[in-house]
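The values are calculated or read from the model by the stated rules, or taken from the named source; none is laboratory data. Quantities reported herein were computed from a predicted structural model and do not represent experimental measurements. Here the Cβ positions follow ideal geometry from the backbone for every residue, glycine too, while neighbour counts run over all protein chains shown. We work out accessible area using only protein heavy atoms, side chains counted, and drop any ligands, DNA or RNA first. Shrake-Rupley method; radii C 1.70, N 1.55, O 1.52, S 1.80 Å.
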Amino acid sequence: PLAEPGSEPQSSWGRSIGTKPAEAPEPASAVVESARPIDPDHFDPVWATEAIKAYERAIELTGGRYWKAAANAGWVLFRLEGYGSALRVWAASLAALNLAPADQHLGAAILHYHTGRAHNLEADRQAQPETYWQAALDSFGQALDRLDAAADIDWYLEIIRCLMETHRHLVQDDAADAWLRTGSELLRRLVRETDSTARKIELASQLASFGR
């Protein structure tokens with residue numbers, strides 16, 4: 001079965017999610033930008049602890065709706081504390097986004113995408129990974145449901161790639177092939193409908209490599 005989120009060490013993150021936005025002079029984006037990106041080859045736990053404080057502050061300022069902070073914080077906590085801590089961050093931010101205006105659909109989609117990726121990474125560590133792959137499929141499906149294929153094409157295709165990969169892990173080749181056809185047909189249609197020559201070339205290049 002999937003690991004219970006509560007089985008991982010607790011962080012202070014939960015204090016900030018879902019609270020009323022605080023009155024403060026600094027914008028949330030500035031707080032997040034103060035934390036430099038993760039370097040996967042040189043992960044620094046001291047820096048990571050400080051980064052989490054910055055992300056928590058951004059979440060506090062926005063009542064949990066600054067999804068970019070939550071996306072970044074989840075991966076920092078994945079490295080610091082583990083899978084369950086990352087899932088808690090993303091689930092809490094998704095709950096806050098559900099109360100936000102409809103234009104938050106992209107943020108919700110991306111948080112579901114990160115959740116799916118975490119499920120797949122955790123599957124690699126398990127002797128019986130199938131349940132984790134199934135959970136990943138559910139997360140990627142929820143992400144795709146929140147996207148507009150034309151407006152969010154890069155994310156749409158990325159999530160289709162993840163669905164294809166996960167179905168192949170589960171030896172569900174027919175489902176993977178169906179997603180390959182869906183993504184390829186979408187790209188063909190966009191090539192036909194796009195007026196910009198430069199954009200046509202870009203989309204055609206994506207089509208040529210899609211699924212490889």
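So here's what we get for this one:
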read-out: Filter result for the condition that a residue is modelled with pLDDT of 90 or more, among the hydrophobic types (A, V, I, L, M, F, W, C) and open to solvent by 60 Å² or more (accessible area, probe 1.4 Å), over L121, L111; value: L121
read-out: Wholly enclosed helices (runs of 4 or more DSSP H) of region 18-85 bearing at least 1 residues closer than 20 Å to H112 by Cβ and either at pLDDT 50 or above or out of contact with any helix residue (DSSP H, G or I) (no Cβ under 7 Å at 6 or more places or on another chain) (or both); value: 45-62, 67-80
read-out: Selection status of T197, open to solvent by 60 Å² or more (accessible area, probe 1.4 Å) and in contact (Cβ under 8 Å) with a residue 60 or more places away in the chain; value: no
read-out: Every residue from region 177-196 that is among the hydroxyl-bearing types (S, T, Y) and not in a helix (DSSP H, G or I); value: T194, S196
read-out: All positions within region 130-172 that are open to solvent by less than 80 Å² (accessible area, probe 1.4 Å), closer than 17 Å to N120 by Cα and charged (D, E, K, R); value: E158
